[in-house]
Amino acid sequence: DGGITQSPKYLFRKEGQNVTLSCEQNLNHDAMYWYRQDPGQGLRLIYYSQIVNDFQKGDIAEGYSVSREKKESFPLTVTSAQKNPTAFYLCASSLYSKLYTEAFFGQGTRLTVV
Amino acid sequence: DAKTTQPNSMESNEEEPVHLPCNHSTISGTDYIHWYRQLPSQGPEYVIHGLTSNVNNRMASLAIAEDRKSSTLILHRATLRDAAVYYCILRDSGNEKLTFGTGTRLTIIP
């Protein structure tokens, strides 16, 4: 089945540690995205990538890093520089098309830093 | 980036139509209007999108004002499963950036 997979669903880390969230898609989509969602809030864009080996900062990129070495994968690292890392993280992908297609989202990773 | 404005929350009775408004007064000619919804503890799912003409699909209808400065998502017969946060988003055909606002929390009353 085609889809977008985030793992793990729940993640616990100690303060000061870097942590990497996985996002994989087998939809052959060009564009991939990472969002952060805090309780009761909307989604805020962290980073996005239109093609392999290229990515752009979103609205809240500080304290995060990404890589796009393969079309299928767009891992997000939450670094120790991120002051409030506890949140729900969502990954998405879409075709790079001027005809405009929908974005598909993963089920999210809930990160708790203690 | 062009912005959208939505009411924070709305309520509707089960089995009645729901009209969710969205204002986008700074929309450009190349911006598509997209709607997504998010159920609790899940990732958002696509609902519908359009450019100028009204659109229908199995989930909903999208009515776009003639000047494109506003649009309305229409759920024809709300069920309890439609309770979610609904996001109205503008997407530029030349830019893959996908920015969400705060959305409208829809509550369905049995």
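Every number in this text was worked out from the coordinates using simple rules, so none of it is lab data. Quick caveat: nothing in here was measured; it's all calculated off a predicted structure. Here the Cβ is made from the backbone with ideal geometry for all residues, glycine too, and neighbour counts use every protein chain on show.
General observations
- Straight-line cross-link partners of B:Lys69 among the aspartates and glutamates, defined as a Cα under 19 Å from its Cα and at least 8 positions apart when in the same chain: B:Asp1, B:Asp31, B:Asp92.
- Panel note: the C-alpha atoms of chain A, placed on their principal axes, show extents of 43, 26, 25 Å (largest first).
- Over 18 Å [Cα-Cα, the range B:1-62], rounded percent: 46 percent
- Relative contact order (%) - chain A, alpha-carbon pairs under 8 angstrom, separation at least six: 34 percent
- Beta-bridge orientation, the protein assembly as shown: approximately 85 percent antiparallel, per DSSP, counting only bridges with both partners inside.
- Charge tally in the Cβ shell below 12 Å around A:Val113, where Lys, Arg are +1 and Asp, Glu are -1, A:Val113 excluded: +3
- Taking the three principal axes of the alpha carbon atoms in the range B:12-110, the coordinate ranges are 41, 29, 22 Å, sorted in descending order.
- Radius ratio Rg over Rh of the protein assembly as shown, counting only Cα atoms, Kirkwood formula for Rh: 0.97
- Extension gain, A:Asn53 back to A:Asp30 (0.36 nm per residue minus Cα-Cα distance, nm): 7.2 nm
- Listed by chain and number, the aspartates and glutamates whose C-alpha is less than 17 Å from the C-alpha of A:Lys70, apart from same-chain residues fewer than 8 away, are A:Glu24, A:Asp30, A:Asp54.
- The separation of the range A:1-61 from the range B:13-28, counted between C-alpha centres, amounts to 28 Å.
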